[in-house]
């Protein structure tokens with residue numbers, strides 16, 4: 001084989017390997033960036049969903065203490081948030097959210113309470129039905145990064 005051909009072939013092979021290495025490195029970098037963005041978007045979406053549920057459930061729970069009539073649209077909103085959790089969250093989160101909704105409904109069905117009833121309620125876990133839900137959310141968010 002002619003040394004000129006060998007030299008040209010070596011140069012072309014070196015260029016091809018260098019170009020291929022550059023393409024692979026760029027692809028891996030891009031892939032890692034996309035995965036990081038996806039992870040951040042997923043986590044932020046979960047945090048927003050949990051925050052919305054906690055805010056809605058807190059309002060309904062406070063309303064349930066004073067009233068025995070419920071706006072069904074509010075319960076439907078809470079149910080919709082739980083349904084979104086069924087798609088995005090672990091079964092533990094969904095079970096806790098279902099429990100919160102049950103407590104809210106039971107509170108609406110119970111006799112109305114006044115501010116004078118608060119000291120009795122404070123001594124039980126009934127005052128904060130969102131505690132277990134919040135703890136489960138925190139654990140899941142920590143576990144997933």
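Values as computed for the structure displayed
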item: Entirely in the stretch 57-145, the helices (runs of 4 or more DSSP H) that have 1 or more residues that are modelled with pLDDT of 90 or more and loosely packed, with under 15 Cβ neighbours inside 10 Å; result: 72-88, 91-109, 131-143
item: Matching option when the condition is without any contact (Cβ under 8 Å) to a residue 24 or more places away in the chain, in a helix (DSSP H, G or I), under 15 Å from the mean Cα position of the chain (by Cα) and over 17 Å from residue 137 (Cα atoms), among 38, 30; result: 38
item: From 40, 21, residue being loosely packed, with under 15 Cβ neighbours inside 10 Å and at pLDDT below 85; result: 40
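The values are calculated or read from the model by the stated rules, or taken from the named source; none is laboratory data. Note that the structure is a prediction, hence the values are computed from the model and not measured. Because the Cβ atoms are built from the backbone with ideal geometry, glycine has one as well, and the counts that use them run over all protein chains shown.
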